[in-house]
Every structure is written in structure tokens, then in C-alpha cells.
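Enquirer: The following block contains the structure, expressed as C-alpha cells.
The values are calculated or read from the model by the stated rules, or taken from the named source; none is laboratory data. Treat the numbers as computed from the prediction; the structure is a model and nothing was measured. All Cβ positions, even for glycine, are placed from backbone atoms using ideal geometry, and neighbour counts span all protein chains on display. Side chains included, ligands, DNA and RNA excluded: accessible areas come from the protein's heavy atoms. Shrake-Rupley method; radii C 1.70, N 1.55, O 1.52, S 1.80 Å.
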Amino acid sequence: MRCEIELSTVTRGYDRRTCWVGARAGVVPPSTAVLTTQKLRLNGSDIFYALHSARSDDRGRTWSPLRHQDTLDRRSFGDEGEIVPCGFTPAWHAKSGKLLGTGHTAFYINDAHPISPAPCWTSYSVYDADADRWGAWRT
């Protein structure tokens, strides 16, 4: 069996202020791949924004444009804070027949990390392949 790897660019987005990071993909059998990624602010420490996703129905040969997933966006937390999922990894869960995304959370006050330690929880979401949309993230 011979395996070939071909480098391709799904999207571009470096603007000297932010860049796409943490691109990871999971496969919905037999041939759909779902990629997630999110913007990172370059000044500061690990300042993440909403997750976006792209979909391929031909095993990664072509991709849809990245789409903002409002269900995987920041949420208010407490009086001044916001919390967002990050480190998000989609993976097929055979027993449930669902693509699950898991990661952790990052917490911000005034769009910057607060003094440590900050709350950090495991986060997850379930992908709806028919709607091409992630469900609301939970911890």
C-alpha cells in the first residue's frame, strides 16, 4: 500500500494582528472531513476567538470556505469575564455515530488573561452533519 501526502491550503488569514491556529480535522465516515480552527490575537498571551469550521465531502480534496460557528464563540462569564473553547479537536465517536469536538476553555477579563489561576474546564460540542453546524459548546 502506498500513501501519498499532498500539501494544500484551506484558507489564508494572517493580517499582522491575528492568525489561524489549532487547525484540526475529524472524519464523518465514509468521506466527509470537518476542520476547525480559530483566530489567535498576536499581541498578548493565547487570546483566542470563536471557532470556525470548513467541510470537505471528497476526503479533503476541496473545502468549503471557513464559517464562523456562533455556537463555539465566546460567552460572558461573571461580571467582567468571557470564556471560549480552544484546543478543539474533532473526532469520530463510533458508538454514538457522531463527530464530537473536545478541548478546554480559556477565560478572559477585558480581552486579556486574568491573573492566574484562571478557570479551565474541558469543553465539548457535537457536530450536526445534516446542518453542517456545531451544537452549543458545553463543559
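Enquirer: Counting only residues 5 or more places away or on other chains, whose amide H sits under 5 Å from the amide H of Trp63 once H atoms are built in the peptide plane?
Expert: Under 5 Å from the amide H of Trp63 lies no amide H from a residue far enough along the sequence or on another chain.
Enquirer: Hey, another quick one. For Ser8, what accessible surface area do you get with a 1.4 Å probe? Give it in Å², rounded to 10.
Expert: Result for Ser8: roughly 70 Å² accessible.
Enquirer: Once you've got the GNM for the chain with C-alpha springs shorter than 10 Å, pick whichever of Gly101, Gly26, Gly44 has the biggest mean-square fluctuation.
Expert: Gly44
Enquirer: In addition: So if R0 is 35 Å, what FRET efficiency would Val27 and Glu82 give, r being the distance between their Cβ atoms, rounded to the nearest 0.05?
Expert: Details: r = 31 Å, r/R0 = 0.90.
Once the sixth-power term is evaluated, E becomes 0.65.
Enquirer: May I ask for the distance between the Cα centers of segment 1-34 and segment 46-71, given as a whole number of Å?
Expert: 9
Enquirer: So what's Rg/Rh here for segment 74-139, counting alpha carbon atoms and using the Kirkwood radius for Rh? Mind showing how you got there, number by number?
Expert: Numbers: Rg = 13.8 Å, Rh = 12.9 Å.
With Rg and the Kirkwood Rh in hand, the quotient comes to 1.07.
Enquirer: Considering only Pro90, Pro29, Pro117, give the residue with the highest GNM mean-square fluctuation for the chain, with springs between Cα atoms whenever their separation is below 10 Å.
Expert: Greatest mean-square fluctuation among the candidates belongs to Pro117.
Enquirer: So, with a 1.4 angstrom probe, what is the percent of accessible area on the chain that is carbon and sulfur? Show your work: numbers first, answer last.
Expert: Values: 4520 of 8780 Å².
Of the solvent-accessible surface of the chain, carbon and sulfur hold 52 percent.
Enquirer: For the chain, with only Lys/Arg (+1) and Asp/Glu (-1) charged at the beta-carbon, what is the dipole magnitude about the Cα centre, in debye rounded to 20? All intermediate terms of the calculation are to be shown ahead of the outcome.
Expert: Numbers: 17 positive and 15 negative charges, 66 e Å.
Dipole about the Cα centre, nearest 20: 320 debye.
Enquirer: If Lys and Arg each add +1 and Asp and Glu each add -1, what is the summed charge of the other residues whose beta carbon sits under 14 Å from the beta carbon of Asn110?
Expert: Values: positive: Arg41, Arg74; negative: Asp79, Glu80, Glu82, Asp111.
Here the charged neighbours net out to -2.
Enquirer: Would you grab the residues whose amide H sits under 5 Å from the one on Val28? Only those 5+ places off in sequence or on another chain, please, with H modelled 1.01 Å from N.
Expert: For Val28, whose amide H was placed from the backbone, the distant partners under 5 Å are Ala33, Val34.
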